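Peer 1: This is the structure, below, for whatever I ask next.
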Amino acid sequence: MIRPDHIGDMLFATPALRMLRTALPDAQLTGMVGPWGEAVWRTNSYLDEIIVCRFPAFTRRRKTSPLSRYHQLQPCAGMLRA
């Protein structure tokens, strides 16, 4: 599950993570979140790993173009491909 933005969505995802863990006990479950959400999932026992992505789309800084923030996701995308 990749959801680096909303903490409430992360909390509501917990039942789905529990069901995945129950159905696929040997699966590697990784959560990808923004820095502000890391503490929320760090203690989630259904996840094996947390990846922190510094996603800039939800800042109050002025955007240079609508696509510029997504170009900044390239390092995270490369990490996921690996």
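Quick note: the coordinates plus some simple rules give every number you see, no bench work behind them. Worth saying up front: this structure is predicted, and the values here are computed from it rather than measured. Virtual Cβ from ideal backbone geometry, glycine too; neighbours counted across all protein chains shown.
Peer 1: Cut-off is 10 Å between beta-carbons; in what order do Asp26, Asp48 appear when sorted fewest neighbours first? Mind dumping the intermediate values first?
Peer 2: Numbers: Asp26 5, Asp48 12.
In order of increasing Cβ crowding within 10 Å: Asp26, Asp48.
Peer 1: Another question, then. Under the rule a/c < 1.5 gives rounded, and otherwise a/b versus b/c splits prolate from oblate, where does the stretch 7-81 land using the Cα gyration tensor?
Peer 2: It comes out prolate by the Cα gyration axes.
Peer 1: On to the next question. Would you mind ranking Arg18, Arg81 by Cβ crowding within 10 Å, fewest neighbours first? The partial results should precede the final answer.
Peer 2: On the way: Arg18 13, Arg81 6.
Exposure proxy ranking, most exposed first: Arg81, Arg18.
Peer 1: Ranking His6, His71 by Cβ neighbours within 10 Å, fewest first, what do you get?
Peer 2: Lowest to highest Cβ neighbour count: His71, His6.
Peer 1: Run the numbers for Thr43 and Ala16: contour at 0.36 nm per residue of separation, minus the present Cα-Cα distance, in nm.
Peer 2: Details: separation 27, 0.36 × 27 = 9.72 nm, distance 1.59 nm.
Here the answer is 8.1 nm.
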